[in-house]
Every structure is written in structure tokens, then in C-alpha cells.
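Here is the structure we will look at, set down as C-alpha cells.
The values are calculated or read from the model by the stated rules, or taken from the named source; none is laboratory data. All of these numbers come straight from a predicted model, not from anything done at the bench. Every residue, glycine among them, receives a Cβ derived from its backbone with ideal geometry; neighbour counts consider all protein chains shown. Side chains included, ligands, DNA and RNA excluded: accessible areas come from the protein's heavy atoms. Shrake-Rupley method; radii C 1.70, N 1.55, O 1.52, S 1.80 Å.
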Amino acid sequence: MKHTTWPELLDHFYHGDEIMISYHNKNYFVQGYTVDEGFYLEVSDWHARDDEEWILFSITSNNDQEAVDKLINAKIFDGKNIRQAFDEAELVEAFY
């Protein structure tokens, strides 16, 4: 991934940083935060229209490891998971 490494990307996921990932000219917004039920992670389509589903992935878990593992394995990048898409993707921006 341009502009980051795998360990840095995982740190963004675990810390719930808001990040934008570009893959094949599509932008994905990733964010996480603490809720009453535990840790929440979400990936959304940054450019979805009002009539389109904009949340592509979400999970709430009392175990942040489980939430990140599910995100890593979710096939939301043109049918690929983040590991499979990693080399062709770009970290556009990170908001801490």
C-alpha cells in the first residue's frame, strides 16, 4: 500500500483512526470507535449516492482483535480482502 506499511495499517485499525483508502479509483472510509457494546469498526463508500448502500462493512465486538480480524478478511475491495488488495491500494489520508 502506498504511504503505509501493513503494521501501520493495522495500528490505524486498532486505534480506530479515520482513514481513507483508495483502491481502483474508489475511496473507502474506515473508522472505529468505542461503543457500549465494545469496539465498532466500519468501512463505507466515500462516494455513494443517496440511493446506494454506503456502509460496506461494520462490526461491533467486545474484542478488538475479533473486529480487526473480521475487517481484514472482509471481501469489500472489488471482491478482495485488504490483504489481497494491499499492494494495489493507497492510504490517501489518515485522521488521528
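Is it the case, given these coordinates, that Phe13 is in a strand (DSSP E or B), at negative phi, of a type in the set (A, V, I, L, M, F, W, C) and touching a helix residue (DSSP H, G or I) at 6+ places or on another chain (Cβ under 8 Å)? Walk me through how you get there before you give the answer.
Numbers: in a strand (DSSP E or B): no; at negative phi: yes; of a type in the set (A, V, I, L, M, F, W, C): yes; touching a helix residue (DSSP H, G or I) at 6+ places or on another chain (Cβ under 8 Å): yes.
No, not satisfied.
Among the residues making up the stretch 23-41, those that are under 15 Å from Phe77 (Cβ atoms) and surrounded by fewer than 18 Cβ atoms within 10 Å (Cβ to Cβ) are His24, Asn25, Lys26, Asn27. Restricted to the stretch 22-33, and to residues there that are out of contact with any helix residue (DSSP H, G or I) (no Cβ under 8 Å at 6 or more places or on another chain) and not basic (Lys, Arg), the residue that is nearest to Ser58 (Cα to Cα) is Gln31.
For Tyr33, the criteria (1) touching a Gly at 6+ places or on another chain (Cβ under 6 Å); (2) aromatic (Phe, Trp, Tyr); (3) touching a residue at least 40 places away in the same chain (Cβ under 8 Å) hold in every case but one, which is (3). Restricting attention to the stretch 53-71 and to residues that are in contact (Cβ under 8 Å) with a residue 24 or more places away in the chain and of a type in the set (Val, Ile, Thr), the residue that is most open to solvent (accessible area, probe 1.4 Å) turns out to be Thr60.
Only residues that are within 11 Å of the chain's Cα centre (by Cα) and of a type in the set (S, T, N, Q) were counted across the stretch 74-96, and they come to 1.
When you scan the stretch 18-96 for strands (runs of 3 or more DSSP E) that lie fully inside it, which ones turn up with 1 or more residues that are among the hydroxyl-bearing types (Ser, Thr, Tyr) and more than 22 Å from Lys2 (Cα to Cα)? If you could, list the steps in order and put the result at the bottom.
Numbers: elements: 18-23, 26-35, 38-45, 55-61, 90-95.
Here the list reads 26-35, 38-45, 55-61.
Just the residues that are of a type in the set (A, V, I, L, M, F, W, C) and in contact with a helix residue (DSSP H, G or I) (Cβ under 7 Å, 6 or more places away or on another chain), please, taken from the stretch 44-85. Reasoning before the result, please.
Restricting attention to the stretch 44-85, the residues satisfying the condition of being of a type in the set (A, V, I, L, M, F, W, C) are 46, 48, 54-57, 59, 67-68, 71-72, 74, 76-77, 82, 85.
Correct list: Phe57, Ile59, Val68, Leu71, Ile72, Phe77, Ile82.
For the stretch 72-96, residues that are of a type outside the set (D, E, K, R), touching a residue at least 12 places away in the same chain (Cβ under 8 Å) and open to solvent by 90 Å² or more (accessible area, probe 1.4 Å) total 1.
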